[in-house]
Amino acid sequence: MLNISSIIGKFVKNSSQRDIDKLKSTVEKINGWELKIKDVPSENFPAKTLEFKSRVQKGAKLEELIPETFAYVREASRRTLLERHFDVQLMGGIILHQGKIAEMKTGEGKTLVSTLPVYLNSLMNKGVHVVTVNDYLAKRDSSWMGEIYKFLGLSVGCITNEIDDADRKKNYGCDVTYGTNSEFGFDYLRDNMKYNIQEMVQREHFFCIVDEVDSILIDEARTPLVISGSTEDKSDRYFLASKFVKQLDKNDYELDEKNKNVMLSEKGIDKIEKLSETYGILKNNNFYDPQNINLVHHINQALKANLLFLKDTDYIVKDNKVQLIDEFTGRVLDGRRFSDGLHQAIEAKEKVEIQSENQTLASITYQNYFRLYTKLAGMTGTAMTEAEEFLDIYRLPVVSVPTNENTIKKASRILKKS
């Protein structure tokens, strides 16, 4: 009996074949243009791009221009890189332009395929983004494929970690911009923190092609991009709260070690109120008055730090710093800190220097960032296994593109000495 996964797999494969069959007539039209433009002088290609842009501005649909524009990209590639797009690569390019995911086997030239829809969509003058998984690939592809775009009269930019805002804005202003998922995401966050729209580096999110789309949109989809900033120094409050808590006895609180929770009893609240009055920090003679919200927070964190987290079990003190211990491996978690002031409360408990608190200023996940684009497409060698997720989360259908030549597998036999 077939399971649900195999049924979905067969359905997607059959659907892919139908999509591929529909593209064959368009591929024939592209091939028909190939002979017509073979003798066009190289210096005329940028002028042809301007003509395409003018036709789009006058109302021509991008779909109408596919045969001619794809043929020009193919010819530009042949002249600059000595690489001619195969028919299956033309199909992959159409699939990407349609806002779908093209599954193409390793070695089938996905990087070259992307030049076709990138060029076509750049004619809208809204900017096209191509996302790679690291800076090396972003630089390589922008330089390598950039030969084709420049030959056609387009500008090409690349966003990397080391460039400043002025260069970022310049590169985002290009017809085609390459970069990593993290750089694009963080630039979006930084733009939303700026006070002047003129300082923002990105423009609209029009069309984006994501390379290794399964890794970025599925495996890392929920990874949060976070920009943090330090808050005001509250060291004295943490030390004072720790001092108060250390004067409590067992009748002053209720301890729930299993759920890592602790609450003040009525007796404990009375004691904290008296201590707070002594130091002149209690407002309206009521510990739970809204004006004492910060005091309540510091006391609660001090209770947890002093009563629930144990030295040399949950953390160690080394080089005058509190370092967390992994409860499963027993290893020190270098650079990891508790949030919401708990780490500072433990530092106050151990009487070491209190590191400044950080607060989240801006945050977004890759999933939410890439859903900002008007049109999104992707390519990878392995997308069919996540086809259902791509459709549910991003409304991205997956189409499996056949290889240019039949895959031949050689079987090897291991002979054993008798």
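The values are calculated or read from the model by the stated rules, or taken from the named source; none is laboratory data. No experiment lies behind these values; they were computed from the predicted model shown. Here the Cβ is made from the backbone with ideal geometry for all residues, glycine too, and neighbour counts use every protein chain on show.
With the structure loaded, tell me whether Val130 is under 21 Å from the mean Cα position of the chain (by Cα) and in a strand (DSSP E or B) or whether it fails that test.
For Val130, the condition - under 21 Å from the mean Cα position of the chain (by Cα) and in a strand (DSSP E or B) - is met.
Restricting to segment 353-377, give me the number of residues that are at pLDDT 95 or above, closer than 21 Å to Asp191 by Cβ and of a type in the set (A, V, I, L, M, F, W, C).
Here the count works out to 4.
Yes or no, residue by residue, for (1) loosely packed, with under 15 Cβ neighbours inside 10 Å; (2) modelled with pLDDT of 95 or more; (3) aromatic (Phe, Trp, Tyr):
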site: Leu2; (1), (2), (3): yes, no, no
site: Gly9; (1), (2), (3): no, no, no
site: Asn44; (1), (2), (3): yes, yes, no
site: Leu50; (1), (2), (3): yes, yes, no
site: Lys53; (1), (2), (3): no, yes, no
site: Gly59; (1), (2), (3): yes, yes, no
site: Glu68; (1), (2), (3): no, yes, no
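Here is a check on your reading of the model: is Gly99 over 23 Å from the mean Cα position of the chain (by Cα), on the phi > 0 side of the Ramachandran plot and not in a helix (DSSP H, G or I)?
Spelling it out, it is not the case that Gly99 is over 23 Å from the mean Cα position of the chain (by Cα), on the phi > 0 side of the Ramachandran plot and not in a helix (DSSP H, G or I).
Which of the residues belonging to segment 323-359 are over 23 Å from Leu295 (Cβ atoms) and part of a strand (DSSP E or B)?
Gln323, Leu324, Ile325, Val332
Which one of these is surrounded by 14 or more Cβ atoms within 10 Å (Cβ to Cβ), among the aliphatic types (A, V, I, L, M) and over 30 Å from Thr360 (Cα atoms): Ile227, Ile269?
After applying the criteria, what remains is Ile269.
Only one of these conditions is not met by Val113: (1) outside any helix (DSSP H, G or I); (2) touching a strand residue (DSSP E or B) at 6+ places or on another chain (Cβ under 9 Å); (3) of a type in the set (A, V, I, L, M). Which number is it?
Here Val113 meets the rest and fails (1).
Kindly establish whether Asp319 is surrounded by fewer than 10 Cβ atoms within 10 Å (Cβ to Cβ), modelled with pLDDT of 90 or more and either assigned by TED's automatic domain parsing to the domain that holds Ser242 or among the β-branched types (Val, Ile, Thr) (or both).
Taking the combined requirement at face value, the residue satisfies it.
Quick check on Leu308: is it in the same structural domain as Gln247 (by TED's automatic domain parsing) and touching a strand residue (DSSP E or B) at 6+ places or on another chain (Cβ under 9 Å)?
yes
Where residues in segment 165-209 are without any contact (Cβ under 8 Å) to a residue 40 or more places away in the chain and of a type in the set (A, V, I, L, M, F, W, C), which of them is surrounded by the fewest Cβ atoms within 10 Å (Cβ to Cβ)?
Applying the filter and picking the extreme gives Ile197.
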